[in-house]
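One structure is given below, encoded as structure tokens.
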Amino acid sequence: MMRHVLVTGGTGFIGRRLVSHLCGLHLSVLCLAGPAGTDDAAVLAEQQRRGAQIIRVDLDAAPITTETPPAHVDTIFHLAANTDTDATDAAVRVNDLGTARLLDWLGESARGSRLMFTSTVAVSDPLGVRARPADEAEVCHPRTAYGRTKLDAERLIRDRAAAAGYTSTILRLPTVYGAGQKPGGLFDRLVGATARGAWLARVDWPGRTSVVYVDDVVRLLVDLSTMEAAADQTFCVAPDEVSTVADVARAIGTATGHPVSPIHFPAAAWRAARWAAKSPLVARLTPARAQLALWRFGLIVGDGFFQSGAKLEAVYGRPLRPLAAGLREMVDELARRRPAATDAGVDDPFVDVRVRPI
């Protein structure tokens, strides 16, 4: 019997790879796209060519009445989200309110299905210095509207599961990297900074951070969607290795042929910076317009995006790629696609990065 799957956010960084993988498995794939002009038309056309069915559903509209839901889906991959931490509070409400609208629209179609939801480490980024990585038992106090709305979506999914008759698996993702990643994010900025030899890549940032390769996320989503042990579970996603932001910058520089010459600061300076970035007192005294900058500073001097993948490893059993291995794959992919992208005049976010095999 053919397995029917539904994907939201299928034109995004993770979503387009997920849809390609699902189509390669010869499943019946239904992709929810936004109103005309809001999604990448070329990506949608390629997905249709590969056999996916495209249906336009606006998760910002309440209620969704433009399309009839499918009769049944076996798996729902809910990736659609506004991940822009600069966005207004109203703009990111698609993360939680859009999730509610999706479940309302699906109704009985979701009964008996598994809902795979991509959440974020940003749900568990508290004030105060934390000596250990975050885990699933963390008491969550997110500091951004993005983190708050994703946490609310987690709660909504869990609260509705029993009545709606579906099981769920929630993945709290750290920074996801790979060719074509989110422009303007920390990883993307470090790629550009290493290429220019800029100070951002050279400073010996002490903040520990978790990063995961995009194809590992796709593999997790697909594999866990059929694992009984993953039903109604929340997992923090992180590889075994522990990396600081400076480690990530140096690894990027090595992989892209731009070795980093580090700038070191005294340990006392970093302790003071970490305290300032995570202090509730400093947060209260910081103007609203500067709160986001303070939060970002805390990510690179503290451990805001550092989490433990121990629970996932115990259930899943397959290791995630170490950073160096993921970067090798990213560099190889960039090298393969560069000639075609250049000939087509495509604006690649890594077009200025000189790559070499490592």
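The values are calculated or read from the model by the stated rules, or taken from the named source; none is laboratory data. Please read these numbers as outputs of a predicted model, since none were measured by experiment. Note: ideal-geometry Cβ built from the backbone for every residue, glycine included; neighbour counts use all protein chains shown. SASA here: full protein model, heavy atoms, side chains in, ligands and nucleic acids out. Shrake-Rupley method; radii C 1.70, N 1.55, O 1.52, S 1.80 Å.
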Residue satisfying all of: in segment 273-302; under 16 Å from Val203 (Cα atoms) and out of contact with any helix residue (DSSP H, G or I) (no Cβ under 6 Å at 6 or more places or on another chain); most open to solvent (accessible area, probe 1.4 Å) among these: Arg296
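What number of residues in segment 253-272 are outside any helix (DSSP H, G or I) and either among the aromatic types (Phe, Trp, Tyr) or surrounded by 17 or more Cβ atoms within 10 Å (Cβ to Cβ) (or both)?
4
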With Ala71, Ala80, Ala36, Ala62 as the choices, which residue is in contact with a Gly (Cβ under 8 Å, 6 or more places away or on another chain), assigned to a loop (DSSP other than H, G, I, E, B) and among the small types (Gly, Ala, Ser)? Ala80
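Scan the strands (runs of 3 or more DSSP E) fully inside segment 170-241 and keep the ones with 2 or more residues being open to solvent by 10 Å² or more (accessible area, probe 1.4 Å) and either within 30 Å of Thr99 (Cβ to Cβ) or at pLDDT 95 or above (or both).
The strands (runs of 3 or more DSSP E) meeting that bar are 175-177, 233-236.
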Per the filter on segment 47-102, residues among the hydroxyl-bearing types (Ser, Thr, Tyr) and either open to solvent by 40 Å² or more (accessible area, probe 1.4 Å) or touching a strand residue (DSSP E or B) at 6+ places or on another chain (Cβ under 6 Å) (or both) are Thr65, Thr66, Thr68, Thr75, Thr83, Thr88
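Which of the residues spanning segment 303-323 are open to solvent by less than 20 Å² (accessible area, probe 1.4 Å), at pLDDT 90 or above and in a loop (DSSP other than H, G, I, E, B)? Walk me through it before giving the result.
If we filter segment 303-323 for residues that are open to solvent by less than 20 Å² (accessible area, probe 1.4 Å), which is where we start, we get 304, 306-307, 309, 312, 323.
Narrowing the set further to residues that are at pLDDT 90 or above leaves 306-307, 309, 312, 323.
If the condition is that a residue be open to solvent by less than 20 Å² (accessible area, probe 1.4 Å), at pLDDT 90 or above and in a loop (DSSP other than H, G, I, E, B), then Phe306, Gly309 are the ones that fit.
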Output the residues belonging to segment 2-13 that are touching a residue at least 60 places away in the same chain (Cβ under 8 Å), out of contact with any Leu (no Cβ under 6 Å at 6 or more places or on another chain) and aliphatic (A, V, I, L, M). Val7
Options Arg143, Arg101, Arg148: the member that is under 18 Å from the mean Cα position of the chain (by Cα), farther than 21 Å from Leu18 by Cα, in a helix (DSSP H, G or I) and of a type outside the set (Gly, Ala, Ser): Arg148
